[in-house]
Each structure stands twice: as C-alpha cells, then as structure tokens.
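Trainee: For reference, the structure I am asking about is given below.
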C-alpha cells in the first residue's frame, strides 16, 4: 500500500479589531498571537506541499460567521488541496453552506455530541467523506471510563470535552469515535487537551486508542513541537495524518522539510 | 481543429452533487472557460463535458437521470466526457454500492462497461489521502503524471470488463484503476480528485483542456 501519511497545517481564524478574518496561534497555552492572513497562509502551504489544510473558525459569533464563509471561499480559491473547515457547525444547513463556500470537508465537534443524528444527516446528504468528527479529549484517571490505556504506568481513559476542554461530557472518546464511525463519519480528528500547547509531542496513548478501535482514518492533533513527534504519532500510534500549527506558522520548520525528514525515516510521504 | 489559440468551453454538469466550486477553479486555472449547467442543450456547444460527483452511486444516477441521454449522445458523438470520482464510477454499468444500500439494480451510463466494487481486503475505508499513480497505457489525459501522487476519497473502485479501459492504477491493498477510458478515448475518468491533487491534478486538468481543443 502506497497511501501516504498526510501533513496538515491548521489555522485558527478569528476576527481582528477591524472585523477582518485573521489567523491567530496560541503561544504557551493561552496567549494568541497574530500570525497572518488566512488566504496568504493557505497559498503558502499549498505551494509548500501540504497534503491538506484545516481552517478552524474560532469566532463563534453570528457576525463572525458571514465573514468566515467569505474567507473560506477566498481560501478555497487558492487551495488545490483538500480543505477542512470547522467551528460552530451544528446543523445540516451549516454543513451545506460551509461546503458551498468551498470546503471539501467539515469538522464537527460539539454539534455532533449534542445531537449525534447530525452525523447521519450530513453523511446521507453529502457523503461520509466530508463529515469529520472532531474530539477534544482529556485524560481521566478514575473508574468512569469504558476504554482504558496505560499512561506513565497509570490506567486512564479519555473523556470528550466541550468548550475548549473547560467542560466534561462523561463520554468516552473511544466509544464516541466508534459510534461516530458507525453513524457515518468519514474521518476522526483527535485533539488532546493535555497535550495542546505543550509542544512535547502528540498524545500517543490517546491517538493509539482511537486508531486501534476504529477503521476510519484518524488525524492526530495537539502537541506537535517537531517532525520527530510526527514520526512518533505515525509509527507508534498508527495515525493517518498529523496536524500542526505553530511549528509551521512560526517557521520553525517548513512543510517540505518535515516531509523530507519523515520520508527518510521510511514514512510514506508525497514529495 | 483550432488554428489560433482559443479557450476550451467546458460544461460542468450541475446535477446537485459535488464540490463544483473547486472543480470550476481548477478548470479555470487550467485555462478553461467553465459553464455550470443543468441544461442538456448546453452539452452540444461545449468542447468538453465534466461530470463531477461525490456521494452515493444510486443517488448520483438518480440525480443525473435527466442528463443520461444527453451524456450518452455526447459521448457517442465523440465529445470529450470527463468523469471525476463518483462521476467516473457513473461511466460504468453498475455498482456494488447500490446493492449494499438496497436500492436495487441501478444502471450507470454504461459508456465503459464494468462494475464498481467495494474495498474488502481489510483496508481502511474510505480510501482517503494521497496515493501514487502508475500509468499503464498512453492516453492524453495521463501525460506527465506517472509516479506522481493524487488525492483520493472513495469506498468503491471501478472494475472495467475490458482491461484496456485501464489507463492508470493505484495500489491500496488491491491494485485498482485510478484512470479509465473508453475504447474511442473520448470518455474517461479519474477516481481521484484532480482539482484537489495539487500540481499533478492541475496537470491533468490542463491535459483535459488541451484534449478538448484538439
């Protein structure tokens, strides 16, 4: 099989003080730093050999939404690679207008947890390939979970959280991943609240737990600080794609450089 | 035959499915003048027709129903007809997909006789991502792309009756056709999405535009 592993730059897009869409990147967990123009970044990563591009709308406001859809269209026009758009998608109509704006896939998080039928509705109307279910997982070291993994010699499970990790749901990530796939999700986008912003590497036990238990492709996210972390999440956890933000935005590594490094280690890459 | 340089007039069939915006942008970038159309009358005036598509086979055929005769007529008249992803699968005769979802015997356009099969070798389905193209025979659409990568998203793959219909293949546990074409050469399709396959995809779209002008 020569299916390559995918390297996916991700941008978090918010409105700036003038009401224009702008990319912000988290530094040390909380502080968001202005990073650039979404369209310029899309163009740059498209040319640099990114395999896909993820656009997350973090405005979560009604007035932001209009601007965001226009921005999605402008990004799509420069993106000859697959474009996934997430943030605030809660209804079939949201899915439709996001796809119509030029997204190839939508990433749904809270909207699907609140109403799981949204997955079926989206898959039936637009195909499984465009329904990506995103989870914000948090480690829990108690007996309330269903699927346990070993972390630093301790047994833990992973809980789906909402509101950026501030609120738990009690739902086991692995169970939810299975259910999402059964309902027609075409891909799973796995974020880790524990690893997010650390740059210490992806949450390997989490990613592995999901990869081992579902047959849909898995995008690993959160925690990437170097190309070695990507190698680890592909080789040890079995992820199909690795997403990163700050290492690319702050030009610590170029997409091309990362892909060449991984290819040399024997990870199948599109070069 | 064109003597002076002119733009290829390409009709993109709008039958309610597919990411038309991306395909339009890709074709425009490749130098085509694109018209979105849900009127079969437009097909005759076009230099080429593109049948896009994502989603399910039976739904695709149902939605494309009103265009069936016009598409078959255009193909038989020798007009270039390019199916993308589901649009390519619809060029064949049938699909296991319509059986799986219990919608009975849905007939494709039957321009490239054969069926569409589901991956069943334990691969992750859908086959999603970038995979390598191996060109197995010459066709204008496939020029310059051997060994390059293209972006695939699909759960079924074409199995044409005639092996000569295969222009390029890809390996995903099973070797399957990535590009197919009819005997006359004017009806062809890619299982992958050229509009999402970076520079390689744009090359294929340019090949198509060039073919439309010849």
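Trainee: Translational diffusion coefficient of the stretch B:148-200 at 25 °C, 0.890 mPa s, Stokes-Einstein with Kirkwood Rh over Cα pairs, in µm²/s as a whole number.
Mentor: My calculation gives 210 µm²/s for D.
Trainee: Sequence gap at least 6, Cα distance under 8 Å: using those rules, report the relative contact order of chain A to the nearest whole percent.
Mentor: 17
Trainee: When Cβ neighbours within 10 Å are restricted to other protein chains, what is their mean count per residue of peptide B:191-197?
Mentor: That works out to 3 on average.
Trainee: Most mobile of B:120, B:38, B:146 per a Gaussian network model of chain B (Cα springs, under 10 Å)?
Mentor: Of the options given, B:120 has the highest mean-square fluctuation.
Trainee: Can you give me the relative contact order of the stretch B:172-214 as a percent, contacts being Cα pairs under 8 Å and 6 or more apart?
Mentor: 22
Trainee: Taking the alpha-carbon centroid of each part, what is the distance from the stretch A:93-137 to the stretch B:39-56 in angstrom?
Mentor: 28
Trainee: Which whole number gives the average count of other chain Cβ atoms within 10 Å of the Cβ atoms across peptide B:120-129?
Mentor: The shielding value for this peptide is 6.
Trainee: Go ahead and run the numbers for FRET between residue A:17 and residue A:66, Cβ-Cβ distance against an R0 of 22 Å, rounding to 0.05.
Mentor: So the FRET efficiency works out to roughly 0.80.
Trainee: What does the average come to when, for each residue of peptide A:74-81, you count the partner chain Cβ atoms lying within 10 Å of its Cβ?
Mentor: On the way: counts 0, 0, 4, 6, 1, 4, 16, 8.
Mean partner shielding for this stretch: 5.
Trainee: Report, in cubic angstrom per residue, the convex hull volume of the C-alpha atoms of the protein assembly as shown.
Mentor: Given the Cα convex hull of the protein assembly as shown, per-residue volume reads 141 Å³.
Trainee: May I ask you to order B:64-71, B:180-187, B:200-207 by the average number of other C-beta atoms within 10 Å around their residues, highest value first?
Mentor: Numbers: B:64-71: 16.5, B:180-187: 19.6, B:200-207: 22.2.
By packing density, highest mean first, the sequence is B:200-207, B:180-187, B:64-71.
Trainee: Is the C-alpha gyration tensor of chain B telling us rounded, prolate or oblate? Criteria: a/c under 1.5 is rounded; beyond that, a/b larger than b/c is prolate, otherwise oblate.
Mentor: Values: a/c = 1.59, a/b = 1.21, b/c = 1.32.
It comes out oblate by the Cα gyration axes.
Trainee: What ranking, highest mean first, results for peptides B:150-161, A:130-141 when packing means the other Cβ atoms within 10 Å averaged over each residue? Walk me through the numbers before you get to the answer.
Mentor: Numbers: B:150-161: 22.2, A:130-141: 24.5.
In decreasing order of mean packing, B:150-161, A:130-141 become A:130-141, B:150-161.
Trainee: Next question, about the same structure. With n ≥ 4 as the cut-off for DSSP H runs, can you work out [θ] at 222 nm for the protein assembly as shown, using -39500 (n - 2.57) per run divided by the number of residues, rounded to the nearest 500?
Mentor: Result for the protein assembly as shown: -8500 deg cm²/dmol, rounded to the nearest 500.
Trainee: What shape does the stretch A:1-102 take by its C-alpha gyration tensor, where a ≥ b ≥ c are the square roots of the eigenvalues and a/c under 1.5 counts as rounded, a/b above b/c as prolate, and the rest as oblate?
Mentor: Oblate, because a/c is 1.5 or more while a/b does not exceed b/c.
Trainee: While we're looking at this one, here's another question. Given a cut-off of under 8 Å on Cα pairs at least six residues apart, what relative contact order in percent is computed for chain B? Don't skip to the end; give the middle numbers.
Mentor: Numbers: 495 pairs, mean separation 46.6, N = 214.
About 22 percent, as a whole number.
Trainee: According to the square roots a ≥ b ≥ c of the eigenvalues of the Cα gyration tensor, what is the shape class of chain A, taking rounded for a/c under 1.5, prolate for a/b larger than b/c otherwise, and oblate for the remainder?
Mentor: The shape class here is rounded.
Every read-out reported here was derived from the displayed coordinates using simple, explicitly stated rules and does not represent laboratory data. In this text, all values refer to a predicted model and were calculated from it rather than measured experimentally. Methodologically, a virtual Cβ is constructed for each residue, glycine included, from the backbone with ideal geometry; neighbour enumeration extends over all protein chains shown.
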